Structure formats: C-alpha cells, structure tokens
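To start, the structure itself, in structure tokens.
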Amino acid sequence: MDFNDTPEEAKFREEARAWLKDNVPKASELEGLGYIEQAKLWQKRKYDAGWACITWPKEYGGRGASAIEQVIWNQEEAKHDDLPGGVFSIGQGMAAPTLMTWADDDAKARYLPKLASGEEIWCQLFSEPAGGSDLAALRTRAVKDGDEWVINGQKIWTSGAHYSDYGILVVRTDPTVPKHKGLTYFYLDMKSPGIEIKPIKQISGDANFNEVYFTDVRIPDSQRLGEVGQGWQVSLTTLMNERASIGAGGVNVGFDSVFKLAQKVNIGDRPAIEDDSVRARLADWYCQEAGLRYTSYRTLSALSRGDIPGPENSIGKLVGAPKTQDMASFAIDLLEQSGAIWDEELSAEAGLFQGTYMSIPGLRIAGGTDEIMANIIAERVLGLPQEPRMDKGIPFNEVPTGGSKG
Amino acid sequence: MNFEFSEDQNMLRDQASRFLAENCPPATVRRVLESDDDYDAELWGKVVEMGWTAAVIPEELGGLGLSYLELCVIAEELGRACAPVPFSSSVYLATEALLMAGSQAQKETWLPRLAAGEVIGTFALAEGPGETTAKSLATKAAGGKLSGTKVPVPDAGIANLAVVVAAHDGGDGAALYLVDMAQDGVSVSPVPTFDPTRGHGRLVLDGAAAEPLGKPGEGWALAQKLLDRAAVLFAWEQVGGAQAALEQAREYALGRYAFGRPIASYQAIKHKLATMYVKNTLARSNCYFGAWALNTNAAELPVAAATARVSATQAYYFASKENIQTHGGMGYTWEFDCQFFYRRAKLLSVAIGSERQWQNKLITAVEHSNAA
C-alpha cells in the first residue's frame, strides 16, 4: 500500500502538468464563444495533443493510459478552474464504453475518434414517462421494415438532446414477451426526420433536459448494438458506466466550500467554525468525502488488474448526492436570513449554495434514484433477493399499468 | 499509487481469520461474558504464540519487526471476532507508547516482555465522567511518586504495566509515567461495564513508584500523538466488527421468512443492509488511508487517524444496532450473539475518546494542515 506516486506516475504527472500549463485556453480565446464552442475548442486541443480520453486505445483517439494515469490527469486538470466541458460526458462516459463493448470494428473506427475529439456530441435516450426506475417498462416501439426499423414513441430526461449529433436508444421490439426480453438497442442520428425535441424546465429554472418525440423515425439495422431482444443486456453496460460517471463529480459544494464559509460567517459573536455543532457536521462530511475518494482509489487498483466497473460504483452517487444536498442546506443556514438570497452579485460564492440547493434534487434521481441505488447494492453486492415482481414472466402487453400512458 | 494490501498481508489476514475462527468462536466470547474473568487467558496465550503481540516491535528487542500494515490486518480480524483479549491496551497503547517515547533502557526492560506476552500493558487516562484534559488531571506526580485515581482503566485487573497520564512534577502540563503494577502503592478493583468481555478496573495510585516516559511537560502532546496512532488500529478493529455485524444480519435476513418470503427481500431490510455496507465501505477506505499514514508516519496522520476513527465508530454503532433490529425480538435475547457487537461497538467508541472528540480533532487537524 502506497499513496505516493511511483517514479513513473510522478513523471506522467509532471508531463500532464506541464502540458496543461502551456495549453489551458486563455480567457481571451474563449471570449465570445458559446459554451459548446468553448468545450469543443478545449476538447479538440486535448485530442490533438493526445490528452483526450486517455485510457482509450490509440486507434480510437486515446493514448492507452492506465486507470491510475486517468486519475492523475483528472487531478491535474481539476487544478485549473473554469475549464469548459461537461457536454461530452454522456458520449465519452456512456455511449463510448457501450460502443467499445458491442459495436463492430467499422462503427468503432467511425464514431469513437470523433467522440474523443469532441467533434460529435452524443445523448442518451432511455427513460420514458412510463419507465423511469422501472426502465425496462419502456414502450417506445420499433418495427422492422426491410433493412430499417421504424420508431414511434417518446423519451424523457434526455440531457443535451438539442445539441447532440447522435443518441443511444433502447426501444421495444417485441411487446408479446416479458419486458426485459423484448428490448433492442440502437444508435441514431439526432437529425433524423421525425424527431422532435422539447426542453423541460426544472425547479432550478434551468432546462438541461428534454422530451424527445419519435414519429416514424427510421434507423438502419446496421445501427443496432447486440441482437434483437438483447437490448437490456446492452443497456446495462451503459448504466454501469453512467453510475460511475455521475458519481464522479459535476457538483462543487463540498467540504472545502462549506468549511471556508464557516470561517467567514459568525454564530453569535464568534466564527461559525468555532461552534462544536458545526465542527461535528463538517467532520462527518469530511469523512464521507474522504471515504468516497479512497474507495474510488481502491476501485482503481481493481480496475488496473483488469476488472470491469461493478455495482460498487453505485456508492458514489448514493452518498455524494444526499451529502451535497445536506451541505448546501447547511450552508444556507449558516448565512441565516440572507441565505435566502439567490443572486450572482448579492449571494456568498455567487449563489453557489442556493444554486446547488435548487439543482441537487435532480442528481438524487438522475441515473437511478437513491432507492434504486440501494437496491442495486442490496441485490448485486450483498446478494439479497429481489422483491416479488407482479410483471415477472408475463408478456409485456399484458402487464398492469395503472393507466399511465407511454 | 497502490491501494491494496500485499499478497503476504492478505495471506496473514487469511491465517488470522482461520486462527480466530478456530480459537475464538462465539462460545469463547460468551464464556468470558458470563464469567467474572477479565479476558480469555487461553486465547491470549495463543495470540502471543502467533507472535501478534510482537508484530511491530523491532527484532533486536524480541519482536518480529513487521510493519503497521500487518498490525492493521490483525486488528481487523480481532475486531471481527470480538476477541476477549487485552490486545488493544497492551499493543496499540502500552507497546506503542514505549516505541514512541521510551528510553533505550525502558525499551530493553519492557518491550521484549511485552512481545513475549510475559507482560500485559495498559494505558490509564480517564478520571471519571466527562473528558479528561491536561488541565483537569487530578492524578499528580510528586517526588517520582504518583497519586490519584484512574477510572475506568481497561485491563487494569490483568495488566503488569500501566502507562499513566498525570500532571507532572513541579511544572505545567502533563507527563506520561510507566507504573509497574506489582507494588504496594497500586491497588485495582474491578469496574463493571456493559461489555464484560473486556475487563475494566479502578486504578488507585497512592504514592506509587513511577518513571517518566518521554520528556516531562510534553506529555500531553505525546499522549495525543499516541492516541492518533492507536486510533487507526482501533478503527480497524471497529471496521472488522462492523463487517461481522453486517454479515450476521445478512445471513439472518436471508433465512428468516415473514409473510411467505425472506425478510431480506423487503426493501426496508435491503436498504438498511445497503446503508450498513455503504458506511462500512467508506470507513474501511478511510482505514486504508489511515494505515498508510500510520505506517509511513506521514504528516497527514492526524487527519487520517481522525477520519478513520470517526467513520469506523459511526459504522460499527450503526451496524451493531441495526443487526439487532434485523433479527427482531430474537436479536434482543441473551441467547443470540448480536449483543457482542452492540456491546463492543459502544465500548470501542469511548475507548480512546468519543466520536465528538474525534470529530473536533479532525477539524482541528484540517485547520492546521490548511494553515501549514
């Protein structure tokens, strides 16, 4: 056990650090660009220099780096504030691992390098109004017509559908068999005729998600991943990677920000950080953050032996999202009545705590609710039995629905 | 970076696990629970034979010269078995205090005998209800003699050597003292606790001969450093116990049927066990970092120790109480073994400072490392 860099790791870190120092985009380069253009500029620069998706094989645009090197790279990149990004996480973090596992060589060569370079953005079309936690209850239909499939139905909670070039899609190809057996997995061009995208306004006021409607959308059979009826199995590849990547970050209220706030604001006539109840809460959150960090390092040691990400990854999101919610709520309390103010100029930390408070409920649901995550740990890690299911073994079109429409 | 135990260390874990399954089954814990004994002398003798008391003592002082990583592995397995032996007192505290601060003569006098199990050591800090601090110490040294009452002191009834924290001779602050328990100025009476599988006593010092350990006046800082080091080892014991409690709850929930199906299939139970798993996993990962910091004497040790200690204390408490809950009424009976974990979890949580103390120490350590 050694938490220090090996000489090779230290050399890699130095190389990454030096390249970042010289190549991180300057504010002047980003000025006037929209956030997608900004993200594409930075991604392409990394790609050209061999610093994009570094664990991918070289032929697909990576550098064949180890999982540990990926962590080192992430640590070094995170030292630079305000780098544009985020729009590629679904494509690179979920679509790409699925393509690598299930696509043929031609498709891999066609799509993976452009995912790595940021030239093409992907989205994920899984959830439906009638199938959220019970994803396999989805109803969007695909019917074979010659060498093509014709898609009709509706997806929901699709991040970035409006700016994506491609999407990964699970649909029902056979409603006469039990639900998990009638699904098939495709990827498709998001500019295909018959796709209509409507943004969903969230309680935070943002609209990061969309409803996506399909009316007679045609997909070539060559864009199928896995066999007809194997869609559930293929989507599990995507979902395990989703849970890993959602758990990995994307939020920034954490121990450091609340600790700093507690040094600045008072409780009574002394700094909040001197109050024992504040210290106890902060200590617990510190323990959770450290525990998640070292758990991910332990997972890495397993990954570097060649293991695939397992259900253990569910911990990151299950612990991280409620912790972030509680910390944002606690920080607002520390601010007392002015904690209610949510304004970039008037709020502490430009409204970080209020913004997180309003956006974090979504993270406890996205990619599997807290409750589903706990079920995954209970069933797949601890080996406990599933609850009895009313739809087990029944053809999908005979399953009771409670009147919800797909 | 490498976040795993080595192959040799994993082999040691397997060996320790087999040894304790054979020599410390629940019946052994129960025997001590139901007797007036402070420990299981036969098991202790075998633990000594295994060389565990000698693990981190240097070879020239009769030890095995192993690293602290090996000691962490042993601690976890002892915790899992709820072993009724004075290992934490003698090894994590008394031996460690001598290794940290002993003079060459003190080390030569005591360490070979601690290694060989001829001497059982303990650490005496508490002086009754509430937190004992450098200022509150009522046990005082005068002319090389100690007087005062320490209570509760773990393993006081069987210890041959005590490391006592006391106000030092003619100056400010505290000092550590070595006290040979076999002398007229020392008397010990048993103190009942809610975990009779680990003996505790009242230690009355009445002009007891005592030798300073380390520099007088620096005793409090030394004690804190000792507690940081011991905290990592206690945390491994706690994680071992928490894991065993989870396994016991899991096994019972799989076999117990209600309303026609195993209770392990109900989400109320599944989520409870998932929460145990999450808390145990985070605590274990923090213990990995603690083990590394202890073994390398890293600057991060105060943060790492407090992090491991707080999360392990919380994980063990949660797992032990929810294990009883999962068992329902039977979990509350004397006949069932769930009580072992519930008793031990709380005993360990106050053994070297409560959860609240360590939460506070953690934030203090973060403040110091940010200021550095």
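The values are calculated or read from the model by the stated rules, or taken from the named source; none is laboratory data. None of these values were measured; they are calculated from a predicted model. Note: ideal-geometry Cβ built from the backbone for every residue, glycine included; neighbour counts use all protein chains shown.
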**Request:** Within segment B:239-248, identify whether any single residue is crowded, with 20+ Cβ neighbours inside 10 Å, in the same structural domain as residue B:135 (by TED's automatic domain parsing) and of a type outside the set (Asp, Glu), and answer yes or no.
**Result:** no
**Message:** Checking the conditions here, which among B:253, B:283, B:304, B:230 is within 29 Å of residue B:104 (Cα to Cα) and not assigned by TED's automatic domain parsing to the domain that holds residue B:168?
**Reply:** B:230
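Results for (1) away from chain A (no Cβ under 14 Å); (2) farther than 28 Å from residue B:246 by Cβ, shown as yes or no for each residue.
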position	(1), (2)
B:35	yes, yes
B:46	yes, no
B:65	yes, yes
B:76	no, no
B:80	yes, no
B:86	yes, no
**Request:** Would you mention how many residues in segment B:157-198 are farther than 27 Å from residue B:225 by Cβ and among the small types (Gly, Ala, Ser)?
**Result:** 5
**Item:** Among (1) at pLDDT below 95; (2) of a type outside the set (Lys, Arg); (3) more than 18 Å from the chain's Cα centre (by Cα); (4) in a helix (DSSP H, G or I) - the single one residue A:15 does not satisfy
**Value:** (1)
**Fill in**
Checked pairs for segment A:341-354, first in the same structural domain as residue A:253 (by TED's automatic domain parsing), second of a type in the set (Val, Ile, Thr), C-beta under 7 Å and 6 or more apart or across chains, list as A:347/A:341; A:352/A:253; A:353/A:253; A:353/A:332; A:354/A:332
**Prompt:** Hey, any hits in segment A:103-111 for a residue that's at pLDDT below 95 and either basic (Lys, Arg) or surrounded by fewer than 18 Cβ atoms within 10 Å (Cβ to Cβ) (or both)?
**Reply:** no
**Complete:** (1) assigned by TED's automatic domain parsing to the domain that holds residue A:263; (2) within 20 Å of residue A:131 (Cβ to Cβ) all hold for residue A:372 apart from (1)
**Complete:** Taking segment B:142-167 and keeping residues over 16 Å from residue B:101 (Cα atoms) and surrounded by 24 or more Cβ atoms within 10 Å (Cβ to Cβ) leaves B:146, B:150, B:153, B:154, B:155, B:156, B:159
**Fill in**
Of the residues in segment A:273-295, those that are in contact (Cβ under 8 Å) with a residue 24 or more places away in the chain and either under 23 Å from residue A:315 (Cβ atoms) or of a type in the set (Gly, Ala, Ser) (or both) number 8
**Prompt:** Somewhere in segment A:56-71, is a residue of a type in the set (Phe, Trp, Tyr) and either closer than 17 Å to residue A:91 by Cα or at pLDDT below 95 (or both)?
**Reply:** yes
**Request:** Considering (1) closer than 18 Å to residue A:240 by Cβ; (2) without any contact (Cβ under 8 Å) to a residue 40 or more places away in the chain; (3) of a type in the set (Gly, Ala, Ser), say which one residue A:133 fails and leave the rest.
**Result:** (2)
**Prompt:** Scanning segment A:174-190 for residues that are in a loop (DSSP other than H, G, I, E, B) and not charged (D, E, K, R), which turns out surrounded by the fewest Cβ atoms within 10 Å (Cβ to Cβ)?
**Reply:** A:176
**Prompt:** Mind checking whether some residue in segment B:324-333 is within 21 Å of residue B:131 (Cβ to Cβ) and assigned to a helix (DSSP H, G or I)?
**Reply:** no
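So that you can scan it fast, the table gives a plain yes or no per residue for (1) assigned by TED's automatic domain parsing to the domain that holds residue B:140; (2) of a type in the set (D, E, K, R); (3) assigned to a helix (DSSP H, G or I):
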site	(1), (2), (3)
B:184	yes, yes, no
B:193	yes, no, no
B:201	yes, no, no
B:204	yes, no, no
B:224	no, no, yes
**Request:** Please work out if residue A:52 is surrounded by fewer than 22 Cβ atoms within 10 Å (Cβ to Cβ) and over 21 Å from residue A:169 (Cα atoms).
**Result:** no
**Fill in**
If you go through A:283, A:272, the only one that is at pLDDT 95 or above, more than 7 Å from every other protein chain (Cβ to nearest Cβ) and in contact with a Lys or Arg (Cβ under 9 Å, 6 or more places away or on another chain) is A:272
**Fill in**
Checking A:387, A:344 in turn, the sole residue that is farther than 30 Å from residue B:263 by Cα and part of a loop (DSSP other than H, G, I, E, B) turns out to be A:344
**Asked** Which is out of contact with any Phe, Trp or Tyr (no Cβ under 9 Å at 6 or more places or on another chain), surrounded by 12 or more Cβ atoms within 10 Å (Cβ to Cβ), more than 10 Å from chain B (Cβ to nearest Cβ) and not hydrophobic (A, V, I, L, M, F, W, C), of A:310, A:339, A:402?
**Response** A:310
**Failed criterion for residue A:30 (all others in (1) within 24 Å of residue A:313 (Cβ to Cβ); (2) touching a residue at least 40 places away in the same chain (Cβ under 8 Å); (3) crowded, with 17+ Cβ neighbours inside 10 Å; (4) out of contact with any Gly (no Cβ under 8 Å at 6 or more places or on another chain) hold)** = (1)
**Single residue of segment B:332-371 satisfying the filter (farther than 15 Å from residue B:234 by Cβ, more than 14 Å from chain A (Cβ to nearest Cβ) and without any contact (Cβ under 8 Å) to a residue 12 or more places away in the chain) that is surrounded by the most Cβ atoms within 10 Å (Cβ to Cβ)** = B:336
**Item:** Filtered residues of segment A:59-82 (kept if part of a loop (DSSP other than H, G, I, E, B) and hydroxyl-bearing (Ser, Thr, Tyr))
**Value:** A:66
**Message:** I'd like the full set of residues that are of a type in the set (Asp, Glu) and part of a strand (DSSP E or B), limited to segment B:206-222.
**Reply:** B:206, B:211
**Prompt:** Within the group B:116, B:126, which residue is touching a residue at least 24 places away in the same chain (Cβ under 8 Å), out of contact with any Leu (no Cβ under 9 Å at 6 or more places or on another chain) and closer than 22 Å to residue B:151 by Cα?
**Reply:** B:126
**Asked** Has segment B:270-282 got any residue that is in contact (Cβ under 8 Å) with a residue 40 or more places away in the chain, within 8 Å of another protein chain (Cβ to nearest Cβ) and either surrounded by fewer than 21 Cβ atoms within 10 Å (Cβ to Cβ) or out of contact with any strand residue (DSSP E or B) (no Cβ under 7 Å at 6 or more places or on another chain) (or both)?
**Response** yes
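Residues checked against (1) within 14 Å of chain A (Cβ to nearest Cβ); (2) at pLDDT 95 or above; (3) more than 24 Å from the chain's Cα centre (by Cα):
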| position | (1), (2), (3) |
| --- | --- |
| B:194 | no, yes, no |
| B:216 | no, no, yes |
| B:224 | no, yes, no |
| B:232 | yes, yes, no |
| B:250 | yes, yes, yes |
| B:256 | yes, yes, yes |
| B:259 | yes, yes, yes |
**Item:** Options A:16, A:65; residue that is of a type in the set (A, V, I, L, M), out of contact with any Ser or Thr (no Cβ under 9 Å at 6 or more places or on another chain) and buried (at least 16 other Cβ atoms within 10 Å of the Cβ)
**Value:** A:16
